[in-house]
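The values are calculated or read from the model by the stated rules, or taken from the named source; none is laboratory data. Predicted, not measured: the structure shown is a model, and the values here were computed from it. Here the Cβ is made from the backbone with ideal geometry for all residues, glycine too, and neighbour counts use every protein chain on show. Side chains are part of the model used for accessible areas, which takes the heavy atoms of the whole protein and leaves out ligands, DNA and RNA. Shrake-Rupley method; radii C 1.70, N 1.55, O 1.52, S 1.80 Å.
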Amino acid sequence: CGGEESDDDEESDDDEEEQECVDSPLPFKLKKVEIDCEVVGEMNEEKKRKVCSWRREKVAKHCPAACEKCEMFGCSDTEIRFKFGPRN
């Protein structure tokens, strides 16, 4: 999750506990509309709750800070499918 590996196991354990919770910078599609984590973070609480729980919390894993799910998904890989590069 962005941290450098260390030969010192004790130091590595401390780093894992103190890692900052960050959202993915990559946009994703939600019902054919492309949005990003910043948009999710600006939603009203009811809409944010619905969006963050979409498809077994895939949005929450992609945007843990925006969805206020850092303790649950703070450093996990996203499960949202996204395409990189031009469309063909």
Could you say whether any residue in the stretch 45-53 is touching a Cys at 6+ places or on another chain (Cβ under 9 Å) and among the polar types (S, T, N, Q)? yes
Within the stretch 49-74, residues touching a helix residue (DSSP H, G or I) at 6+ places or on another chain (Cβ under 6 Å) and of a type outside the set (Gly, Ala, Ser) come out as 51, 52, 59, 61, 63, 64, 67, 69, 73
Checked against (1) more than 15 Å from residue 74 (Cβ to Cβ); (2) open to solvent by less than 90 Å² (accessible area, probe 1.4 Å); (3) at pLDDT 55 or above, residue 46 satisfies every condition except (2)
